[in-house]
Every structure is written in C-alpha cells, then in structure tokens.
Amino acid sequence: MRFNDSLETVLAADTSTRIGAELAWRQLVDLVGRRRTAAVERAMTALETLRPRVSAAARAAAARAIAFADPPAPLVRLIAGEPIGVAAPVLRSARLSDAEWCALLPEIGAAGRAVLRHRRDLSNIVAQALAAYGPVDFVLGASPAARRAAAVPPATRRPEWRDLLGTIEQVPGEPALEAAPLPSLPEEPFATEPAPAPALESTMLGDSDFASFASIAASLPAVQAALRNREAAPEPTPSGPFPIAEVVARIDAFQRQREANPAPAPRLPPEHFHFETDARGVIRWVEGAERTPLIGVSLEYGAGAAAAVDGVASGAFRRRARFDDARLVIAGRGELAGAWRISGVPVFERESGRFTGYRGAARRPRADERAEPAAPAHESLRALVHELRTPTNAIAGFAEMIEGEMIGPVPAPYRGYAATIVDQARALLGAIEDLDTAARIDAHALELRPGEVAIAPLITRLLADLAPLAALRGAATTFKAEPELAARADDRALERLLGRLLAVLVAALGRGETLPIAARRQEGELLIEFGRPAKLALDEAAPAADAEAEVAAGMPLLGTGFALRLARNLARELGGALSIEPLRLTLQLPAAFAADMGQASIN
C-alpha cells in the first residue's frame, strides 16, 4: 500500500516569498489539474489564498500547462474567475458535465461565455444555456440616462427603424431574427446642431438594465447622421446586404465547405506504372505515375541522361523480342527517381504485321534485387546511441541545476528527486557508452591510444566505487598485486573493461562471500585473476539479485551476458584475452616494461 503525499509536500512548502508562492501555485494547479490529487477543500483554499500574491504571467502559464489535462470542475471554476487572458486556455478545452457547465455559466462573465460559444463539442443543453445569455452578452454598455440625453427628435415623420435595418439578410442555416420592441420617439423637428456623443460605460449591462439593439443605436451620432441623410434623399435604393452579415455568411460557408471537403491525404509515391512506346522505342503513354520524367525515354541503351535502360531492354528492342525485369534508372529527386524493373512485350499490327512499339509495366525492385548493400546493423546502433545520448545529457544537466538551486530555491524533497534523477541518468549514460563501444568494436572503428596504465590504483578506485553494492550484498573483496605493475593499453578502454567485469562479479556475490583479486606479471604479459562467485550464471541475461541490488550504484544495466561479452571483446582489442574457468576468470593484457628493466631483442 502506497500513500501519495504530494499535496502534503506542496502545502508544507515555504510560501512567504514571491518565488515560493508562485512555485506552490504552479505545483498545486498541476497536481489538481492533472488529477494526481483530488480537488479537496484544503487545496482550493490554498489556491485562493495564494492567488493575490502570484503574478498574472505565472497564473497564465499554469493555466496553459493544464489546458488539455482534463482539470476538475472546482479548478475550472477557480481559473474561470481570472481575466480572460488567463482563463481562455482552460475554457477552450475543459470537459465538464452539462450540470457543471450550467452552474458555471453565471460565474464566468460575458468574455468567458464568448469563448465557450466557439466550441463545437458542447451538448445542446449547454448551447441552449449559452443562448439564454444572449440579451445580456450582446448589448452595448450605455446607461439609460446617456441614451435619453443622446436622443434627437426628427423634423418630420421619423422613418421606422425597421426601414434602416431591413437590409440585413438572413444567414443561411441560422434561426430567424426577431425584431426587438422599438422605442416611440416624439414627433419634433431635428436640431440643427448635432447631439453630443453619449458617454458609453465600459462594463456590460446587467439583467435588470436591458436595452434593445435598436434603442442603443438611436443614441449613436453615426446613426443620427444617417437619419438626416435619409431625410435629405428619401427612399434610397438598397445597395446590397449588410456588410457584417455578409462576412459572417461567408465565414460560415467556408467552414461548412471545409468540413464537407476535408483536405486530401498526402499521396504516396507510386510503386508501379504501365507504359507504351512507339515504333522507335520512345515512351509516349504512361498510366499510374507522373508522366513528365517518363515521356520521351527511349529503350535504346544509354539514350538519355535523365533516364536510361540497361542492355537487356535495348537488346530486346533491336530484336523486337519480349524482355523481363530490365533495369530503368531515373535521375533527379522526384517521386519516380531511382531504380525500376521494367518488362515489355512487342506489339504488331494484325493486318500488315508491322511493328508498332512495346506495351509494358514497371515496378520498384525488391530488396534481393538491389545492387547497393544494406546499411550495416552497427551503423543503425551508433545512430540510436547518438539520439539517446543527447537528451540524456540534457536531463542530467537540468537535474543538476535543480539540485544545486541554480535556477531558484527548491524545496528539500525536490532536491532529493533531482539527485535521484542525476544518478539514474549517469547510469543510463554508462549503458549508452557501452552500446557505443560495442558498435565501434563491431565496425572495427574503436580508437585506441596505448600507454602505460598502473593496475593497482585503477582496481582500487573501481572497488571503492563498488563498495556500496558489495555492502548491500553482504559480501567483501580482497585485492593483491605486485608492486609497479602496469599494462600497455588505452586507459579509457581498460577502465571500462575492468569496471564492467568487476560490477558483474560483485553483483553476483552471495551474503558472506568474498571476491579475491590478484594481479601478477608472467613473462611479457600481465595476468589479473578474479574468483568466480557461486551464483554467477554465465548463460543467463542477469545474475541472481534482489530488487534493491538491481538499482544499486555500479551494477551494469545491460546484464551479465552483455557485460562479459563487452569485456571479452575489449580485451581482444587491447591485445589480450579473457578466459572463464570453473573457479576463476583470468584477464591477460600486454605488460608495460619499466624504464630500468631490460627487454630481450629478437633482432
């Protein structure tokens, strides 16, 4: 049974500073928004408390981070109360029930409801609830006093408002518009001076302060000027539909056309085509592929630079005979570029027997018909290693920055998580380097720089690194070496060889078991003997180990079999050998001679 203490960790963090408050805000929004913890009252209360101390930019970034994470209704309600620049990403993607949407609509304001009106995945119930707020959301914000002060009486009979708005065309597919009740204005002459512009309020009208579109338009100076112009030139001829309605209609028509006719899927390059030639062997007709690279290609050997056939097709053409699987090579970078296999039969007129050309087909060659060699497996492996090494280094570097608090203060639990990530990334990088070394050995591309490497200090340091693993296994190691022992080898390759070999042996030790290691010189070779643990199974992929030892530092991630094969191949590359016997493992390496030691000459 496991207990998720993520919420308790965040709530216990220090939020006295601005950075601490913003960090806690983003963590709480992420935990609740991704449903890693329930939207309990403690979490929501903490968010309400932190909100005044968190900048708008930080709140907007947190909202964008959970836009498509399916946040719960309490968090959506909290974020919906933010300015529209913060709340819009969540309102565009939140998935709530119909009851939760209907309860949320009165709280999100006109701007939030405008965002929801653009969504096409809401149910009819929510759409009807949004439509009920239309009279409130689509009215201009002028006060009743300003509208009355801006009203100007006409000089003669005032034209009906329906005459002015009668040219608005109905958008196809939309419900019919109902005319709002129009205000009755007194029959008085127009004032000679234009009325002052009404002072419009910046806030939307409430439900109790409703005004129709026509009454609001009556107070606008532009509408009053239009009325005076209409009196000067009565009965104007309508010049067309209302521009806004026309634009809306065009947008709707474009969207319906795009939904009805989606973009076609990308066409795949052809794998075969048919062709016909004339009596001179020149291709004149093509079906199943682009015609441009093929029309004009001749069956004569080497006839063209853009495309050419081999001697099989040209020889058959001269004899007017059938040919099969002849080679056709098309130059360039088009979809038809490359090698093809063509087959054709000659065609003769029935009456006269005159040769009229060839009819044939072409296909891409199979893998066994290609002349170029396939890419070696080690090249693919080295490419994979390169793709793995770059992101792993980036993860390790960023975790080290978090652990060292280089980008700001970090709570202690998260520093511990970062340290764990660093250790695991380093182990993964070691496995990646092992794969790269194996691929280089297979490709005969391993670069070695032989030199003198002291054996005793190297093995002592490697055993110190593996001490936690040996302690976890309840085992011990002993090492004896003759003084001044040195190997003639590349230092990095030898360290990798001994490191992987020792990690396998220590990981296979049983409780109370001791691993003896001894190094000595024998003639011109350096011999390093390792005791063989009783549990070491060389035929298995990994040694017998408990769950804790599997994650201990120093143990090879790729298993026993891979580590031993890598050590054997590295020993061979260094001019030595690794022999495995029932009781011991012996590593033979070329020995380095000291300056004061003589060396026999064979000259």
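Brief remarks on what is shown
- Mean accessible surface per residue for segment 1-112, computed with a 1.4 Å probe while every protein chain stays in place, in Å²: 51 Å²
- Debye equation applied to the C-alpha atoms of segment 1-61, log10 I(q)/I(0) at 0.28 Å⁻¹: -1.30
- Cleavage-rule hits (trypsin sites (Lys or Arg not before Pro)) in segment 70-105: DSSP loop, at most 14 neighbouring Cβ within 10 angstrom: Arg95
- Protein accessible area in segment 23-106, 1.4 Å probe - carbon and sulfur %: 56 percent
- The smallest convex shape that holds all Cα atoms of segment 49-91, its convex hull, gives 66 Å³ per residue.
- Of the Cα atoms belonging to segment 428-468, the radius of gyration and Dmax stand at 13.7, 36 Å.
- Between Ala394 and Gln255, the FRET efficiency from the beta-carbon distance, with R0 = 30 Å, is close to 0.10.
- Share of carbon and sulfur in the accessible heavy-atom surface of segment 305-436 [1.4 Å probe, %]: 57 percent
- Gain in span if fully extended, Ala456 to Thr478, counting 0.36 nm per residue against the direct Cα distance: 6.7 nm
- Using the Cβ-Cβ distance between Val40 and Glu405 with R0 set to 35 Å, the FRET efficiency works out to roughly 0.70.
- For Phe479, distant residues with modelled amide H under 5 Å away: Ile517
- Note on Glu107/Ala471: beta-carbon distance plugged into 1/(1 + (r/R0)^6) with R0 of 41 Å gives a FRET efficiency of 0.10.
- Tail fraction, Cα-Cα pairs, segment 1-128, threshold 20 Å, whole percent: 43 percent
- Per-peptide average of other Cβ atoms within 10 Å, ordering 386-396, 473-483 highest first: 473-483, 386-396
The values are calculated or read from the model by the stated rules, or taken from the named source; none is laboratory data. Just so you know, these numbers come straight off a predicted model, no measurement behind them. Note that each Cβ is placed from the backbone with ideal geometry, even for glycine, and that neighbours are counted across all protein chains shown. Just the protein is used for accessible areas: all its heavy atoms, side chains included, with ligands, DNA and RNA removed. Shrake-Rupley method; radii C 1.70, N 1.55, O 1.52, S 1.80 Å.
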